[in-house]
Amino acid sequence: MTGRVALEGLEFHAFHGVYPHERNSGNWFEVDIAVETDFSEAAANDELAGTVNYETLFAIVKTEMEEPSKLLETVAEKIVKDVLEQLPAAMTVELKISKINPPIGGKCRKASISILKRRS
């Protein structure tokens with residue numbers, strides 16, 4: 001039985017951005033991440049082994065969000081790579097990162113990038 005383990009609406013104050021003021025004062029970001037996995041064993045045995053631990057998933061996202069980057073694409077690639085390396089049960093990772101109130105010279109609630117990667 002395959003399914004998804006997801007964390008939605010994670011919020012981080014981080015220092016990602018191209019402009020110096022973004023790197024100095026930071027901004028708020030929202031992250032949604034979902035991992036496709038086979039949790040047949042976990043469901044049958046009522047044990048965490050055999051599925052994706054969402055605490056570990058959160059820790060991976062948090063670690064990368066704390067590391068400043070110019071581009072959200074860079075942050076996303078690092079998160080997805082870490083998930084696939086650290087969580088062998090993960091078959092697919094879907095990630096969305098949004099910058100809240102991006103500095104674009106006009107009103108915008110959030111700017112987002114998303115990535116979907118399958119284990120090869």
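The values are calculated or read from the model by the stated rules, or taken from the named source; none is laboratory data. Nothing here was measured: the structure is a model prediction, and the numbers come from that model. Virtual Cβ from ideal backbone geometry, glycine too; neighbours counted across all protein chains shown.
Numerical summary
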{"item": "Residues that are without any contact (Cβ under 8 Å) to a residue 12 or more places away in the chain, within 28 Å of residue 102 (Cβ to Cβ) and among the aliphatic types (A, V, I, L, M), drawn from the range 1-60", "result": "59"}
{"item": "Qualifying residue in the range 42-51 (condition: within 10 Å of the chain's Cα centre (by Cα) and either surrounded by 13 or more Cβ atoms within 10 Å (Cβ to Cβ) or β-branched (Val, Ile, Thr) (or both))", "result": "no"}
{"item": "Single residue of 35, 5 found to be touching a helix residue (DSSP H, G or I) at 6+ places or on another chain (Cβ under 7 Å), under 19 Å from residue 120 (Cβ atoms) and outside any loop (DSSP other than H, G, I, E, B)", "result": "35"}
{"item": "Check on residue 115, more than 19 Å from residue 2 (Cβ to Cβ), β-branched (Val, Ile, Thr) and part of a strand (DSSP E or B)", "result": "yes"}
{"item": "Test: residue in the range 41-50 that is modelled with pLDDT of 95 or more and part of a helix (DSSP H, G or I)", "result": "no"}
{"item": "Count of the range 1-41 residues which are under 11 Å from the mean Cα position of the chain (by Cα) and on the phi > 0 side of the Ramachandran plot", "result": "1"}
{"item": "Neighbours by Cβ (under 9 Å, 6+ apart or cross-chain): first from the range 65-79, within 11 Å of residue 113 (Cα to Cα); second at pLDDT 95 or above and part of a helix (DSSP H, G or I)", "result": "75/64; 75/65; 76/64"}
{"item": "Cβ-Cβ under 9 Å pairs, at least 6 apart or on other chains, the range 81-95 side in a helix (DSSP H, G or I), far side of a type in the set (Asp, Glu)", "result": "82/64"}
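Conditions tested, residue by residue: (1) more than 19 Å from residue 64 (Cα to Cα); (2) touching a Gly at 6+ places or on another chain (Cβ under 6 Å); (3) loosely packed, with under 14 Cβ neighbours inside 10 Å.
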{"residue": "89", "(1), (2), (3)": "yes, no, no"}
{"residue": "99", "(1), (2), (3)": "no, no, no"}
{"residue": "103", "(1), (2), (3)": "yes, no, no"}
{"residue": "107", "(1), (2), (3)": "yes, no, yes"}
{"residue": "120", "(1), (2), (3)": "yes, no, yes"}
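Matching residues to (1) modelled with pLDDT of 95 or more; (2) crowded, with 16+ Cβ neighbours inside 10 Å; (3) closer than 22 Å to residue 38 by Cβ; (4) acidic (Asp, Glu):
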{"site": "82", "(1), (2), (3), (4)": "yes, yes, yes, yes"}
{"site": "86", "(1), (2), (3), (4)": "yes, no, yes, no"}
{"site": "95", "(1), (2), (3), (4)": "yes, yes, yes, no"}
{"site": "117", "(1), (2), (3), (4)": "yes, yes, yes, no"}
